[in-house]
1. Does the stretch 110-122 hold any residues that are open to solvent by less than 50 Å² (accessible area, probe 1.4 Å) and touching a helix residue (DSSP H, G or I) at 6+ places or on another chain (Cβ under 7 Å), and which are they?
2. Being of a type in the set (S, T, N, Q) and either open to solvent by 90 Å² or more (accessible area, probe 1.4 Å) or at pLDDT below 95 (or both) is the filter here, so list the residues in the stretch 50-82 that pass it.
3. Out of all the residues in the stretch 35-49, which are open to solvent by 20 Å² or more (accessible area, probe 1.4 Å) and of a type in the set (Val, Ile, Thr)?
4. Would you please list the contacts, defined by Cβ atoms under 7 Å and residues six or more apart or on different chains, that run from a residue in the stretch 4-25 that is in a helix (DSSP H, G or I) to a residue that is open to solvent by 60 Å² or more (accessible area, probe 1.4 Å)?
Amino acid sequence: MKIVIDSNIFVSSFFWKGNPRKVFDRVIDGFDELYITDDILEEIKSVMSRKKFDLEKNEIDDYLKIIENFSRKITHNDTIENISRDLDDNKILKCGLEANVDFIITGDNDLLILEYYKAIKIVNPKEYLEITDEFRN
């Protein structure tokens, strides 16, 4: 599957076990193609820089390198209309549209409420794992 993962899922996958980690493990294991943009990487960096994570700059850079090593980078060329209630989420939709992905995986209710953007299904990690399990069986 071709996917975009929202920054909240990346952060959860690095710091906690559970479904976000299983989603990223699918990428590492080669089951999914992950697409990313510089805007998404900047948001991940910003979130990981928060005091509650207590990370050094080099640790954050290491996490970002891991993401980049398992991703295909997309450069935004097109503009899209403002779709999400949270305008910051439009970068996720743009990446998905430009990469022609199958799924956007997020924990953000502003995106989840959309359910679809064009032909892209928007799901949380649990839903994604349930769907992809069906495909693998």
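The values are calculated or read from the model by the stated rules, or taken from the named source; none is laboratory data. Because the structure is a prediction, the values reported are computed rather than measured. We place every Cβ from the backbone using ideal geometry, glycine too, and count neighbours over all the protein chains shown. With ligands, DNA and RNA removed, areas are computed over all heavy atoms of the protein, side chains included. Shrake-Rupley method; radii C 1.70, N 1.55, O 1.52, S 1.80 Å.
1. Answer for the stretch 110-122, where residues must be open to solvent by less than 50 Å² (accessible area, probe 1.4 Å) and touching a helix residue (DSSP H, G or I) at 6+ places or on another chain (Cβ under 7 Å): 110, 111, 117, 120, 122.
2. So in the stretch 50-82, the residues of a type in the set (S, T, N, Q) come out as 58, 69, 71, 75, 77, 79, 82.
Passing the criteria: 58, 69, 75, 77, 79, 82.
3. Residue satisfying the conditions is 47 alone.
4. 13/21; 19/126
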